[in-house]
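Asker: Have a look at this one before I ask anything.
The values are calculated or read from the model by the stated rules, or taken from the named source; none is laboratory data. Fair warning: this is a prediction, and the values are worked out from it, not measured in the lab. Don't worry about glycine lacking a Cβ; one is built from the backbone with ideal geometry, like all the others, and counts go over all protein chains shown. What goes into the accessible areas is simple: the full protein's heavy atoms, side chains included, and nothing from ligands, DNA or RNA. Shrake-Rupley method; radii C 1.70, N 1.55, O 1.52, S 1.80 Å.
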Amino acid sequence: MYDLKPQARPYAKAAFLAAVEEGQINEMFGDLKVLSEACSDPSINKLIESPEEKSVVVTTLKGLFSNQPVKLTENLLDVLGENDRLNLLVVIADIYEGLMLKHNESKVIEVTAPNNISETTKEIILNKLQDKHGDSSTISFTSDSGLKAGFVVKIGDEVLDLSIKGRIKKLINQLNIR
């Protein structure tokens, strides 16, 4: 599939800088999230890809909000419509989220644990990660039935495997047993 990031990056950066200037970082992110989720709907995606007049498509996208979107979002939709770049909305939202997290110096942390992990253990892990990486970090838990004990922590592209399964793999690699 064609990589849209190089085309989307200038729009995302401009939108983010405008949101910082206006003090509407979170509001703009909320709007972009709504638009990104809407783009996963086949009918909306088909509308964006259609050769129909782009002002009609932009008006339809603006109508998706239960409340009025922030003015910055409306401006972004207008610019994307004029430049026939509405297909970049999902990628723009992803890039914007990365810029926002970097701006807030928060991290996205994913913890994978066995299905039977207790709430007390989750709370301990959560507190340790917040102490180390800050309260603004976004921490999510997922279950993996393949893990019997321990857990795996992923922070960006860094992985810390504290599972029994991971320790066994490491031991096998050290012993060169195949």
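Asker: Restrict the check to segment 38-61 and report whether at least one residue is basic (Lys, Arg), at negative phi and within 22 Å of the chain's Cα centre (by Cα).
Answerer: The answer is no, given that none of the residues of segment 38-61 is basic (Lys, Arg), at negative phi and within 22 Å of the chain's Cα centre (by Cα).
Asker: Please specify each residue of segment 1-59 satisfying the condition of being within 13 Å of residue 88 (Cβ to Cβ), small (Gly, Ala, Ser) and buried (at least 19 other Cβ atoms within 10 Å of the Cβ).
Answerer: Selection gives 8, 12, 15.
Asker: Has segment 24-35 got at least one residue that is among the small types (Gly, Ala, Ser), under 20 Å from residue 100 (Cβ atoms) and more than 16 Å from the chain's Cα centre (by Cα)?
Answerer: no
Asker: Can you list the strands (runs of 3 or more DSSP E) found entirely within segment 106-167 that contain at least 3 residues being open to solvent by less than 70 Å² (accessible area, probe 1.4 Å)? Let's see the steps before the verdict.
Answerer: On the way: elements: 108-113, 138-143, 152-155, 158-161.
Counting at least 3 such residues, we get 108-113, 138-143, 152-155.
Asker: Among the residues of segment 79-97 satisfying the criterion of being over 14 Å from residue 12 (Cα atoms) and not in a loop (DSSP other than H, G, I, E, B), which is most open to solvent (accessible area, probe 1.4 Å)?
Answerer: Per the stated criteria, the residue is 82.
Asker: When you look at residue 72, is it farther than 30 Å from residue 159 by Cα, in contact with a helix residue (DSSP H, G or I) (Cβ under 6 Å, 6 or more places away or on another chain) and open to solvent by 10 Å² or more (accessible area, probe 1.4 Å), yes or no? Explain how you work it out, then say what you get.
Answerer: Details: farther than 30 Å from residue 159 by Cα: yes; in contact with a helix residue (DSSP H, G or I) (Cβ under 6 Å, 6 or more places away or on another chain): yes; open to solvent by 10 Å² or more (accessible area, probe 1.4 Å): yes.
Yes: the conditions hold for residue 72.
Asker: Scan segment 133-164 residue by residue and report those that are among the charged types (D, E, K, R), within 23 Å of residue 104 (Cβ to Cβ) and modelled with pLDDT of 80 or more.
Answerer: 154, 158 - these are the residues of segment 133-164 that are among the charged types (D, E, K, R), within 23 Å of residue 104 (Cβ to Cβ) and modelled with pLDDT of 80 or more.
Asker: Helices (runs of 4 or more DSSP H) wholly in segment 21-68 with at least 3 residues that are free of Cβ contacts under 8 Å to residues at least 40 places away in the same chain and among the polar types (S, T, N, Q) - which ones?
Answerer: 54-62
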